[in-house]
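> Mind having a look at this structure? Questions to follow.
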Amino acid sequence: MSDVLLRSDHLCRAFGGVVAVDDVSISVQRGELLGLIGPNGAGKTTIIRLLTGIQRPDSGKVFIGPDDVTRLSTDRRVRRGLALTHQIVQPLHGLSVLENVALAAGQAATRSAIASLFHYGRGREVDAANVILTRLDMLAYAGNMPDTLPLGYLKRLEMARALALNPDVLLLDEPLAGLNQRESAILADLIIALNADGLTIVLVEHNLAEVLRVATRLLVLDAGRVIADGSPSEVVRRPEVRDAYIGQGASNA
Ligand SMILES: Nc1ncnc2c1ncn2[C@@H]1O[C@H](COP(=O)(O)OP(=O)(O)O)[C@@H](O)[C@H]1O
Ligand SMILES: [Mg+2]
């Protein structure tokens, strides 16, 4: 029995004349914290969207475990164990932090967004939400409306909603973007802790220092292609990886 939880097979996706993802075959192993890095426009977000079904490939396939899910909706991929956070946080603004997470927990329990709208607020979902908020060290904000949260906590809320779906693989698209160094370090520590709990994580991240600290394996993308795959400390020393970052400015290196 293979321990590949998520896999892409020769994925390609173009937008107009721009080839965003060019023949990308990657696999995510159970238990790893896979870092996905590359310069702006390298295709990182598009890969996450193809894996999660937000966008469809022009060609190539996506597998969850042994199953071809290329034609399945995001919702159905979530039911098969994927969850993602977005580069721009997307909470439900009319609901409190606790309600946001409980709603997601209800979705996992009832396996349907519509059903969970009617069930949310029930004890079990609220209990699950409380456990997750405690795990992310933000129980003190449970009653807050999302609009009142500092960015660091909005990011945690986004993560809490994803965790409430009880995923096998959590995909994070630039969770540290916009955070200062201290907030980044705290969130990165949380990501490490979730992985240590056994959660498999794919982390797209611009903050190279933090990726190098947290990732167990690193994939480097450039112009839609995988140019390196290996242990983080070894991969960043490769000349082709250094070249890909030149011209991106020292802030990315
Ligand atoms: N919806 C879209 N429409 C047009 N072009 C897009 C779209 N999404 C991504 N692209 C283009 O595809 C390339 C890869 O983008 P993206 O996957 O967002 O890269 P990254 O996340 O690595 O910065 C870029 O050139 C970007 O402009
Ligand atoms: Mg992106």
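> So what's the net charge close to Leu34: Lys and Arg +1, Asp and Glu -1, counting the other residues with Cβ under 10 Å from its Cβ?
Local net charge: -1.
> On a C-alpha basis, how far is the centre of segment 82-100 from the centre of segment 227-247 in Å? Whole number, if you could?
Between the Cα centre of segment 82-100 and that of segment 227-247, the gap is 33 Å.
> Rank Val235, Gln29, Gly81 by how far each Cα sits towards the positive end of the charge dipole of the chain (+1 on Lys, Arg Cβ; -1 on Asp, Glu Cβ) and give me just the farthest.
The listed residue farthest towards the positive side: Gly81.
> List the relative contact order of the chain as a percent without decimals, with contacts defined as Cα pairs under 8 Å and 6+ residues apart.
So the answer I get is 26 percent.
> Relative to the first principal axis of the alpha-carbon coordinates of the chain, what is the inclination of helix 97-110, with its axis defined by its Cα atoms, in degrees from 0 to 90 and to the nearest 10?
So the inclination is approximately 80 degrees.
> Okay, next question. Take Gln90 and Ala223, extend 7 Å from each Cα along the Cα→Cβ direction, and tell me the distance between the two endpoints in nm.
3.1 nm
> Please report how far the C-alpha centroid of segment 1-76 lies from that of segment 160-203, rounded to the nearest whole angstrom.
Centre-to-centre (Cα) distance: 19 Å.
> Using a Förster distance of 41 Å, how high is the FRET efficiency between Thr148 and Asn40, based on the Cβ-Cβ distance and rounded to 0.05?
Efficiency for this residue pair is about 0.85.
> Another one. Of Ala164, Ile186, Leu219, which is farthest towards the positive pole of segment 163-253's charge dipole, taken about the Cα centre with +1 and -1 on the beta-carbons of Lys, Arg and Asp, Glu respectively?
Farthest along the dipole direction, towards plus: Leu219.
> In square nanometres and to one decimal, what's the mean projected area of the convex hull around the Cα atoms of the chain?
Mean projected area for the chain: 13.7 nm², to one decimal.
> May I ask you to order 11-17, 31-37, 137-143 by the average number of other C-beta atoms within 10 Å around their residues, highest value first?
31-37, 137-143, 11-17
> Could you tally the net charge around Leu6, taking each other residue with its Cβ under 10 Å from the Cβ of Leu6, Lys/Arg +1 and Asp/Glu -1?
So the environment of Leu6 carries a net charge of +3.
> Between Arg71 and His10, what length in nm is gained on full extension when 0.36 nm per residue of separation is reduced by their alpha carbon distance?
Going from the current span to full extension adds 20.4 nm.
> Distance in nm between label sites at Asp137 and Arg124, each 7 Å beyond Cα in the beta-carbon direction?
Output for this residue pair reads 3.1 nm.
> Using the Cα centre of segment 1-108 as the reference point, and only Cβ charges (+1 on K/R, -1 on D/E), how large is the resulting charge dipole? Debye, rounded to the nearest 20.
So the dipole magnitude of segment 1-108 works out to roughly 180 debye.
Coordinate-derived values only; no laboratory data. These figures come from a predicted structure and were not determined experimentally. We place every Cβ from the backbone using ideal geometry, glycine too, and count neighbours over all the protein chains shown.
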